[in-house]
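Participant: This structure is in structure tokens; I'll ask about it shortly.
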Amino acid sequence: MQQYIDLTIDFAKRNDRLNGITLDRVTTRSYDTAIKFRIEIVGHVLDATYGVKILTKYHKSGLSVMTTLGGRLEIADGKLIYTPKVNLITEADYVRNFLYLSKDGLGLDMAQFNYEVDLSEIDKTALEVKLVYDQSYEALIAEFEQALEDYKLTLPQASELRAEIDVILNQFGVDSQAKLLQWEQGADALLKTVEGNESARVDAETTRKTAETDRVSSETTRKSNETARISNEDERKSAEVIRLASELDRVNAENVRSAFYEGFESELDKKANKVQEDWITPTLLNGWGTHPFYGIVKYFKNSLGDVHIKGHFDGTNANSNHALTLPLNYRPDGIVYFLSDSIFGGPSSLVKARISTEGNLIIPIGSRVAFYIIYRAGA
């Protein structure tokens, strides 16, 4: 049956010591895939316009995992359903979670909640099995070594074999002397027969000892092979653990890389990579003129709202100081004053000009000036 751990996060309740992050504590168990967090955020009924990310940090391993909407993080009935990835944990741990909330692409706030992961029954059983395995392995080695020592004590000694041979030879000498005269003709044959029998007995004994040695060697080899098999199995399991750890590191690195590029691409989309409008050539008023040699009067507004005006203003035939009226969206919020150097047809002098909030460019009558100015257009 599905279990939910209900959490309520209120961004309005700040904890100054932790930089305004609310702490809630809950407890779950590792390998318990049925546990989910159901998170209610006060003042927010979550829907498709919201964005949520949870950065999880595991204390024991030092791992960090970023979870985004989809899969283990989803929105249902205005709340956030979060399934923690607790199967990354193989022992009791303390887990910190940082929840980031946004709406329509704009960040709203962040909160922190923590929970402890207890050692599950599966984890406890695994540790017990490992302990029993280690103890059984040590007992098996001790039993093998003791059996080998006991077997060595049962092998016949060289001195015992020599004493047995001496008894047989002595008895043979006594019998031979008693019957020497009677069996003189057959002594050589009898001696050869006895020597042949003794050689056959020694050969049989040697064969038996060789077979026994081979059996002990085979048993030793079998036990060595069994020990090597167990060792190879342990190495295989260790290699598998290392492989899984490497795969986990690769997945975590890929998650961190994906989270980074996701944020980078989101910021890149906000870049003002727009085509600027063309320069506009206005109609000058009240007898004011311009000249292409010094630059025809033009203006435009860029995507940031800055208005650029450039060119040569000739007031020789002007009947008013009102030289130009700018369109509504090109006018400043306040009067813009500027100075220009007049060097045409006489000594250099500074000319004071201005642009009013009505968009009127005011230059003293008779002035001949060229300038380039930039100002921010009003809202």
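Participant: Condition first: under 15 Å from H322 (Cβ atoms), part of a loop (DSSP other than H, G, I, E, B) and either at pLDDT 95 or above or hydrophobic (A, V, I, L, M, F, W, C) (or both). Now tell me which residues in segment 362-379 satisfy that.
Facilitator: Result: I363, I365.
Participant: May I pose another question? Please verify whether E138 is closer than 23 Å to S231 by Cβ, surrounded by fewer than 11 Cβ atoms within 10 Å (Cβ to Cβ) and modelled with pLDDT of 75 or more, treating the condition exactly as stated.
Facilitator: Details: closer than 23 Å to S231 by Cβ: yes; surrounded by fewer than 11 Cβ atoms within 10 Å (Cβ to Cβ): yes; modelled with pLDDT of 75 or more: yes.
In short, yes.
Participant: Within segment 122-134, can one find any residue that is modelled with pLDDT under 85, within 19 Å of Y4 (Cβ to Cβ) and either surrounded by fewer than 13 Cβ atoms within 10 Å (Cβ to Cβ) or aliphatic (A, V, I, L, M) (or both)?
Facilitator: Filtering segment 122-134 for residues modelled with pLDDT under 85 gives 122-134.
Now drop any that are not within 19 Å of Y4 (Cβ to Cβ), which leaves none.
No - not one qualifying residue is present in segment 122-134.
Participant: While we're looking at this one, here's another question. Give the residue, chosen from V117, V42, that is in contact with an Asp or Glu (Cβ under 6 Å, 6 or more places away or on another chain) and at pLDDT below 75. Lay out the reasoning, then the answer.
Facilitator: Numbers: V42 fails: at pLDDT below 75.
Just a single option satisfies the conditions, and that option is V117.
Participant: Here is a further query. Quickly run through segment 285-328 and pick out the residues that are among the aliphatic types (A, V, I, L, M), free of Cβ contacts under 8 Å to residues at least 60 places away in the same chain and surrounded by 19 or more Cβ atoms within 10 Å (Cβ to Cβ).
Facilitator: Residues satisfying the conditions are V297, A318, A323, L324, L326.
Participant: Something else about it: Which condition number does Y100 fail, the rest of (1) under 30 Å from A12 (Cα atoms); (2) modelled with pLDDT under 90 being met?
Facilitator: Y100 satisfies every listed condition except (2).
Yes/no per residue for (1) touching a Cys at 6+ places or on another chain (Cβ under 9 Å); (2) within 19 Å of A147 (Cβ to Cβ); (3) not small (G, A, S):
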residue	(1), (2), (3)
D203	no, no, yes
R215	no, yes, yes
T220	no, yes, yes
A239	no, no, no
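The values are calculated or read from the model by the stated rules, or taken from the named source; none is laboratory data. All figures in this text were calculated on a predicted structure; none of them were measured in a lab. Counting neighbours? That spans all protein chains shown, and the Cβs are built from the backbone with ideal geometry, glycine included.
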